[in-house]
Amino acid sequence: MRSTLMRRLGLAAALGLLLAAFGLAPTASAAEPASATLTFDTDSATTTPGGTVNLSMTLTNNASYDIWFVYQTISPTWLTTQRPDLKYDFTSCALTTSAGSTPCSGTGPADLGANYGATVPPGQSRTVTLTLQVAADSGCNGNIGFYSYFYAEFSDTTSLSAGPVYTPETRILCA
């Protein structure tokens with residue numbers, strides 16, 4: 001019984017050595033970057049009731065094919081929803097282009113994907129900036145944050161679903 005086990009182990013070791021010698025053994029490889037990434041930035045980490053903060057969203061195409069379609073949502077984080085005294089709204093939206101800034105074409109914060117423009121070529125990015133207006137009668141000493149999911153379709157018929165991607169939080173300070 002013992003010799004049968006030793007033969008099997010010896011056979012498995014010999015097979016593994018043979019595969020490794022001919023380069024057929026599985027190898028470890030680094031993870032490839034996502035074919036598209038979404039990042040967020042704000043122009044200020046704090047504001048007061050009545051103030052504004054610009055929230056920039058940058059979609060980068062890391063694939064070797066064009067992005068033809070993007071669907072994106074943005075929603076308040078759970079902690080933000082737990083503070084009903086924090087009052088805010090997105091008041092404007094703009095797409096940054098090489099020719100300057102143009103108003104967004106999407107339907108608003110529920111569907112931001114159309115705002116990135118028609119096609120995002122490989123290696124390029126598009127930035128959309130939302131203006132977050134904090135109401136003058138908003139509560140203070142709380143944080144407002146959002147998360148986003150996005151879906152992108154590429155010209156090679158592949159697609160990517162990603163998220164949640166979190167925005168930096170904005171602290172509402174008492175005036």
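Read the figures in this text as sums done on the coordinates, not as results from a lab. No experiment lies behind these values; they were computed from the predicted model shown. Cβ placement follows ideal geometry from the backbone for every residue including glycine, while neighbour counts extend to all protein chains displayed.
Region 57-175: Rg/Rh from Cα coordinates, Kirkwood Rh?
Values: Rg = 15.9 Å, Rh = 15.5 Å.
Expressed as Rg/Rh, it is 1.03.
Quick check: residue separation of residue 125 and residue 64 times 0.36 nm, minus the Cα distance between them. What number comes out in nm? Let's see the in-between values first.
On the way: separation 61, 0.36 × 61 = 21.96 nm, distance 1.32 nm.
Fully extending the segment from residue 125 to residue 64 adds 20.6 nm.
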Where a label projected 7 Å from the Cα of residue 102 along Cα→Cβ would reach, residues of region 37-58 with amide N under 18 Å: 57-58
